[in-house]
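The values are calculated or read from the model by the stated rules, or taken from the named source; none is laboratory data. Model, not experiment: these values are computed from the prediction. Every residue, glycine among them, receives a Cβ derived from its backbone with ideal geometry; neighbour counts consider all protein chains shown. Side chains are part of the model used for accessible areas, which takes the heavy atoms of the whole protein and leaves out ligands, DNA and RNA. Shrake-Rupley method; radii C 1.70, N 1.55, O 1.52, S 1.80 Å.
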Amino acid sequence: MCGVFAFIGLYATQPLLPLFARLFHASKAEVGLTVSATTLGVALSAPFVASFAERLSRKRVIVCSVLALAVPTLLAATAGSLHALVFWRFLQGVVTPGIFATTIAYITEQWSRKSTSLVMSIYVSGTALGGFCGRIISGLAAHYLDWHWSFLLLGLMVLAGAAAVQRWLPKERQAALPASGSEEEPQGENSARVQLQQAGAHLRNPRLMAAYAVGFNVLFSLVAIFTYITYYLSEPPFNLSTVALSYLFVVYLVGLAVTPAAGWVIGRIGLRRGLLCSVLLSLAGVLTTLAHSLPVVVLGLALVCSGTFISQATATSFLRDAASEGARVSAVGLYISCYYFGGTAAGVVPSYFWHLGKWPACVAFISLLQISTMLIAWKGWRGTGFSNMSAGVV
């Protein structure tokens, strides 16, 4: 449920972009800010939100963040201009990391090492379900009612989600540790100094840096593929319409179903091997999209989604081992920041390769990026604990 409500509004404007372009008489780049502003807000705020949340009750932070997310979501329904809508979308992104950064830390702390991958995969499936539902709800509401109703309905759902999480999420078995590891919370300048020290320590940790690089590449690949595949499928021999292209996101449901089962397997073969397998799955999917058969291309996209979701669940589970016990939330915050900066870059960088050789050139570039991801994980994810996980030892 935390995954669903964190992501239900994150990409909700994607099916509304053509509508916004007509209503606001704006370019594609301008209406695209309703998506990129949210992801930018996530990337910028994640480290700071995570550091602040490090010293507080995990459940309290999650519930308050879900409640806070409902505010800009509902206010987005009152927007009378594109600039106002972009502003509220940016605030949605700023608030969102309080949910999933803290939830990831909550999972790694409340379940055993053997169970973490399975629970994390269920959470990631929830994020996929939330992203899918948000797109469908906003699109249907805008079509049958008005685009303002999209945000009103989503905001009300997030409010209901806050009540549900408050009722059903178990309170953590032990209180969150102070960021400094001392008995008292640091205050004022000391707090800021501790946060900077933590960030510096994370950036000097080779295993965390490897995790951050993997996260950047994972979302970069997903966003690049689903952004530029639309240009490929709108041309011969496919000639798909805008409506037909919107249904491509149904393949997200395949990843939703596959990820929990993969989490059970990864808990037994180890995180490093699990990531290699998931990236190989995504790589196979990317190469499959080169086919000139629409069913085969859709199969390739389903493989990409499944591989990406499994990779994300594996990378976030790895943070449990790579980060120190008293600074996991801040480590997760930096990971999320790198992850969403990857998604932001993916909207621009592949365009240069598209101009060089269209979709085949994009596929070649993304394939090389995924190969580099496997190399980074193979070298940077070494360490004690993986053999234990592979053997199924808690």
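Considering only the range 1-11, state which residues are open to solvent by less than 10 Å² (accessible area, probe 1.4 Å) and either without any contact (Cβ under 8 Å) to a residue 40 or more places away in the chain or part of a helix (DSSP H, G or I) (or both). Hits for the range 1-11 are GLY3, ALA6.
Just name the residue that is most open to solvent (accessible area, probe 1.4 Å) out of those in the range 261-315 that are under 18 Å from VAL223 (Cβ atoms), part of a helix (DSSP H, G or I) and polar (S, T, N, Q). Here the residue is GLN312.
Okay, residues lined up against (1) surrounded by fewer than 16 Cβ atoms within 10 Å (Cβ to Cβ); (2) at pLDDT 80 or above; (3) more than 29 Å from GLY80 (Cβ to Cβ):
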| site | (1), (2), (3) |
| --- | --- |
| SER150 | no, yes, no |
| LEU153 | no, yes, no |
| ALA176 | no, no, yes |
| GLU184 | yes, no, yes |
| GLY200 | yes, no, yes |
| ALA210 | no, yes, yes |
| VAL214 | no, yes, yes |
| ALA224 | no, yes, yes |
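Checking each residue in the range 155-173 for being surrounded by fewer than 23 Cβ atoms within 10 Å (Cβ to Cβ) and of a type in the set (Gly, Ala, Ser) picks out GLY155, ALA160, ALA162, ALA163, ALA164.
Could we say that VAL258 is within 23 Å of LEU129 (Cβ to Cβ), at pLDDT below 90 and either open to solvent by 10 Å² or more (accessible area, probe 1.4 Å) or outside any helix (DSSP H, G or I) (or both) here? Yes; evaluated as a whole, the condition is true for this residue. Listed by first and then second residue, the pairs with beta-carbon distance under 8 Å, at least 6 apart or on different chains, first residue in the range 12-26 and at pLDDT 80 or above, second surrounded by 15 or more Cβ atoms within 10 Å (Cβ to Cβ) and assigned to a loop (DSSP other than H, G, I, E, B), are PHE20/THR13; PHE20/ALA26. Residues that are open to solvent by 10 Å² or more (accessible area, probe 1.4 Å) and within 20 Å of LEU156 (Cα to Cα) do occur in the range 92-113. Scanning the range 342-371 for residues that are under 19 Å from ALA43 (Cβ atoms) and modelled with pLDDT under 85 gives GLY343, THR344, ALA345, ALA346, GLY347, VAL348, VAL349, PRO350.
Residue count for the range 60-75, restricted to those that are farther than 14 Å from PHE87 by Cα and of a type outside the set (Ser, Thr, Tyr): 9. One residue alone among THR96, THR116, THR127 is modelled with pLDDT under 85 and either among the aromatic types (Phe, Trp, Tyr) or under 20 Å from VAL66 (Cα atoms) (or both), and that residue is THR127.
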